[in-house]
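What follows is a short report on a single structure.
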Amino acid sequence: MNKFLQYVMNGKGIGSVWLLLLALISTVYLSLEARMFMFASVPYVQQVADELLPVSVKDGKIVSPENIIRELTFTGDNPQDTYSFVLDTTQDTLDTTKLTNGVYFSRLYAYVVNDDQIKTTKLSASFDLPKQDYKPFLNSAVKWIVLGVAIVAIVVFFIIYFILAVFYAYCTWLAAKINKVNLAFDTKMRLNSLLLVMMYVLTYILSAVGLNVHILLFFLIMIIAQIMIVKKLPQQ
């Protein structure tokens, strides 16, 4: 605890290294979650390909197979978890009011339905999708996608945590006022950088056992921790 307090009062910088460490931890966690989810999805994507392919598109129109309906539905534990993949080349457009969650193809359009949101995209260009084993390609793609997600995520996480540290640094005025001390801005940043690392590690641990820390509770714990630690800080 003494080392913690001494670092807050007499350390150098604003604690950006700790924020970068927190961003790295969050990136690793996100990447592992994304990797497991995408690898688990590969067999389902292959199953969809086996059911709907082959398909030939020429000048933005499905020309093969003609006048056919192919459908594959995945059903979850709840009715709302049902997701359909449908290829309907008997018509140019589909009645979207009758579509449930899923991905649909008519001769000219692709429809993505997610609850009450419907995205319609007109097919374009010409291409062929043969019926084959796509798993090697998908597994390779997952690795590159996860790498790309990690590169972007560590930058995004660091920016988010830096903004949060600045926000909580300004919130430290309450702890300083209650304890009747004056704190330099760098001191506040170092304090809140460390507190953010501790809080997020705690939330990760709690989420692993099924307990979630809501935003308001997170904020209250941060403020209380600020007050308790500022009270113990040695005088400048």
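Values for this structure:
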| quantity | calculated |
| --- | --- |
| Among residues of segment 12-50, those that are assigned to a loop (DSSP other than H, G, I, E, B) and within 16 Å of residue 159 (Cα to Cα), counted | 2 |
| So residue 183, is it in a helix (DSSP H, G or I) and surrounded by 14 or more Cβ atoms within 10 Å (Cβ to Cβ) | no |
| Criterion violated by residue 213 - all others in (1) over 27 Å from residue 30 (Cα atoms); (2) assigned to a loop (DSSP other than H, G, I, E, B) satisfied | (1) |
| Flag if residue 135 is charged (D, E, K, R), surrounded by 12 or more Cβ atoms within 10 Å (Cβ to Cβ) and at pLDDT below 95 | yes |
| Residue that is nearest to residue 63 (Cα to Cα), among those in segment 104-128 that are without any contact (Cβ under 8 Å) to a residue 12 or more places away in the chain and in a strand (DSSP E or B) | 112 |
| Test: residue in segment 165-173 that is in a strand (DSSP E or B), on the phi < 0 side of the Ramachandran plot and at pLDDT below 95 | no |
| Residue that is farthest from residue 123 (Cα to Cα), among those in segment 49-88 that are of a type in the set (A, V, I, L, M, F, W, C) and in contact (Cβ under 8 Å) with a residue 60 or more places away in the chain | 49 |
| The listed residue being in a helix (DSSP H, G or I), in the same structural domain as residue 121 (by TED's automatic domain parsing) and not basic (Lys, Arg), out of 90, 97 | 97 |
| Subset of segment 88-110 [at pLDDT below 90 and surrounded by 15 or more Cβ atoms within 10 Å (Cβ to Cβ)] | 99 |
| Among the residues listed as 5, 32, 87, the single one being farther than 22 Å from residue 137 by Cα and under 32 Å from the mean Cα position of the chain (by Cα) | 87 |
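Every residue, every condition in (1) within 16 Å of residue 13 (Cα to Cα); (2) of a type outside the set (Gly, Ala, Ser); (3) in the same structural domain as residue 8 (by TED's automatic domain parsing), yes or no:
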| position | (1), (2), (3) |
| --- | --- |
| 153 | no, no, yes |
| 162 | yes, yes, yes |
| 175 | no, no, yes |
| 179 | no, yes, yes |
| 184 | yes, no, yes |
| 191 | yes, yes, yes |
| 204 | no, yes, yes |
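The values are calculated or read from the model by the stated rules, or taken from the named source; none is laboratory data. Predicted, not measured: the structure shown is a model, and the values here were computed from it. A quick note on method: Cβ atoms are made from the backbone with ideal geometry, for glycine too, and the neighbour counts reach across all protein chains shown.
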